[in-house]
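The structure appears right after this line, and notes come after that.
The values are calculated or read from the model by the stated rules, or taken from the named source; none is laboratory data. This structure is a prediction, so every number in the text was calculated from the model and none was measured. Here the Cβ positions follow ideal geometry from the backbone for every residue, glycine too, while neighbour counts run over all protein chains shown.
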């Protein structure tokens with residue numbers, strides 16, 4: 001699946017105009033089809049709260065859902081508590097750690 005198709009599918013699942021951060025396009029296109037499908041399924045699980053979120057220390061109204069893909073890629077899906085999804089971050093773990101720190105997770 002191409003990253004543009006995935007973005008449309010993710011927006012449809014989350015019912016929002018979520019932003020895609022990190023090197024989403026490049027990272028998504030470079031993972032296996034099975035990992036792409038697993039990511040989409042995980043996003044649906046996040047929406048249905050089948051995945052436990054973490055709470056930001058900087059903003060008590062910010063929730064984060066975290067996933068590891070392979071040995072080097074990480075995903076962070078952010079959501080306002082009792083609100084809408086904000087961003088989907090997909091990148092290598094080095095950039096992921098910077099993003100987690102910036103957001104207070």
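Could you tell me how many of the residues in the stretch 4-19 are more than 15 Å from residue 46 (Cβ to Cβ) and in contact (Cβ under 8 Å) with a residue 40 or more places away in the chain?
1
Taking the stated definitions as given, is residue 105 closer than 19 Å to residue 15 by Cβ and either modelled with pLDDT of 95 or more or surrounded by 17 or more Cβ atoms within 10 Å (Cβ to Cβ) (or both)? Spell out the reasoning first.
On the way: closer than 19 Å to residue 15 by Cβ: no; either modelled with pLDDT of 95 or more or surrounded by 17 or more Cβ atoms within 10 Å (Cβ to Cβ) (or both): yes.
Judged against the criteria, residue 105 is not a match.
Every residue in the stretch 21-45 that is in contact with a strand residue (DSSP E or B) (Cβ under 8 Å, 6 or more places away or on another chain), within 11 Å of residue 77 (Cβ to Cβ) and modelled with pLDDT of 95 or more, please.
Restricting attention to the stretch 21-45, the residues satisfying the condition of being in contact with a strand residue (DSSP E or B) (Cβ under 8 Å, 6 or more places away or on another chain) are 21-24, 27-28, 31, 35, 38-39, 42-43.
From what is left, the residues that are within 11 Å of residue 77 (Cβ to Cβ) are 21, 39, 42-43.
Listed by number, the residues that qualify are 39, 42, 43.
In the stretch 47-73, which residue that is farther than 22 Å from residue 98 by Cα and touching a strand residue (DSSP E or B) at 6+ places or on another chain (Cβ under 9 Å) is surrounded by the fewest Cβ atoms within 10 Å (Cβ to Cβ)?
The selected residue is 51.
Name the residue that is nearest to residue 92 (Cα to Cα), counting only residues in the stretch 24-46 that are under 14 Å from the mean Cα position of the chain (by Cα) and surrounded by fewer than 16 Cβ atoms within 10 Å (Cβ to Cβ). Break it down into steps so the answer makes sense when it comes.
So the first thing to find is which residues in the stretch 24-46 are under 14 Å from the mean Cα position of the chain (by Cα), and the list is 24-25, 27-28, 35-46.
This time we only want the ones that are surrounded by fewer than 16 Cβ atoms within 10 Å (Cβ to Cβ), so: 25, 35, 37-38, 40-41, 44-45.
Values: 25: 12, 35: 15, 37: 19, 38: 17, 40: 18, 41: 20, 44: 22, 45: 22 Å.
Checked the stretch 24-46; the qualifying residue nearest to residue 92 (Cα to Cα) is 25.
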